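I have placed the structure first, in the form of structure tokens, so that the comments after it can refer back to it.
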Amino acid sequence: MGAAMAANLVKAGHDVSVYNRSADKAAALAALGARVATRVADACRADAIITMLANDEALQSVVFEDGGLLASAEPGVVHVSMSTISVGLSARLASAHADAGQRFIAAPVFGRPQAAAAAKLFIVAAGARPAVDECAPLFDAMGQRLFYLGADPTAANLVKLSGNFLIASVIESLGEAIALIGKAGIDRQVYLDLLTSTLFDAPLYKLYGGLIVNRKFEPAGFAAPLGLKDIRLTLAAAEQLQVPMPVASLLRDRFLSLLAQGGESLDWSAISRLSATDAGLGESGLAADRSGHPPR
């Protein structure tokens, strides 16, 4: 995601320096015209610093360690965190940047890698409005629409987590429904066409329904461990706010089951195959008759 977003910034004419712990991942960006930084500090000599990292631990390392973003950035710089992180870390970042005379925007995104490459991400931003407006040309280069949620950066992170919870809920319910009709021998593709042409004519159902029906879980567009991470962060926020989320608890257990069965490298939509397994369906997701052959 980060590489595609950086590439679009370069293509839009922005002066971009990139840092990645894996140097080879930055090579393609150098070919486009980006400068490759060998240290975090070297990537912080800018008016805006964008981070797109996998989890809280990675972001905390980049920001708070010696020679990290917080110590290296000049006063007045805007840190734009586009990662899916916890509400608690977002609040800590906002406070730490304010103490350092810097600015902080939370701007997580909705969209898979293909959307990032096509600059079609939906960006959810929160932070001081002048800082968000200042970064508008950057957001325009990476996404198709910006949603502003107010001055508190944590609002953007909570909305992002709630959105990922809803996506995972769709995946789980589709998996259960497709297992149900598949066990009866009904054509799954016809069923999906019916759903997405009538009741659920939405890109989300078409995308994940197609992955489930075709059992296309590799390569992962969004890996299962990240799905578990996001559901855990959602539950942590819900506990803090005293909001029961029983479906989120179920989803956490589904991701744990998938990982326990060796699904670390699979797309998070692979939790749907648990429904097929629970229904006694084979690896193909199709019911078998007593001879062991799938129905025609």
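Here the dipole of the chain is about 540 debye; that uses its Cα centre as origin and unit charges on the Cβ of Lys and Arg (positive) and Asp and Glu (negative). Using the rule -39500 (n - 2.57) for each DSSP H run of four or more residues, divided by the residues of the chain, the 222 nm mean residue ellipticity is -16000 deg cm²/dmol.
Between region 59-96 and region 178-214, what is the C-alpha centre distance in whole Å? Going from one Cα centre to the other spans 42 Å.
With neighbour counts taken as other beta-carbon atoms within 10 Å, the residues HIS14, HIS79 rank, fewest first, as HIS14, HIS79.
Computed from Cα atoms, the angle from the helix 154-183 axis to the main principal axis of the chain rounds to 20 degrees. Which of rounded, prolate, oblate describes the chain, given a ≥ b ≥ c as roots of the alpha-carbon gyration tensor eigenvalues and a/c under 1.5 marking rounded, otherwise prolate only if a/b is larger than b/c? It is prolate, given that a/c is not under 1.5 and a/b is the larger ratio. In order along region 107-112, phi translates into HN-Hα couplings of 9, x, 10, 10, x, 8 Hz, rounded to whole numbers, per the Karplus curve 6.51 cos²θ - 1.76 cosθ + 1.60 with θ = phi - 60° and x for Gly and Pro.
In degrees, nearest 10, range 0 to 90: what is the angle between the Cα axis of helix 246-260 and the longest Cα principal axis of the chain? Tilt relative to the chain: about 80 degrees.
Which of ASP24, ASP187 comes first, and how do the rest follow, when ranked by fewest Cβ neighbours within 10 Å? Numbers along the way, then the final one.
Numbers: ASP24 7, ASP187 13.
Going from least to most buried by this count: ASP24, ASP187.
Of the cross-linked pairs LYS183/LYS206; LYS11/LYS160; LYS183/LYS229; LYS120/LYS216; LYS11/LYS216, which ones have a Cα-Cα span greater than 29 Å in the structure shown? Cα-Cα > 29 Å for LYS183/LYS229; LYS11/LYS216; rest within.
The ranking of ILE85, ILE49 by Cβ neighbour count inside 10 Å, starting from the fewest, reads ILE49, ILE85.
Since every read-out is calculated from the coordinates, none of them should be taken as a lab result. These numbers were taken from a predicted model, which means no experiment stands behind them. Quick reminder, even Gly has a Cβ in these numbers, built from the backbone with ideal geometry, and neighbours come from all protein chains shown.
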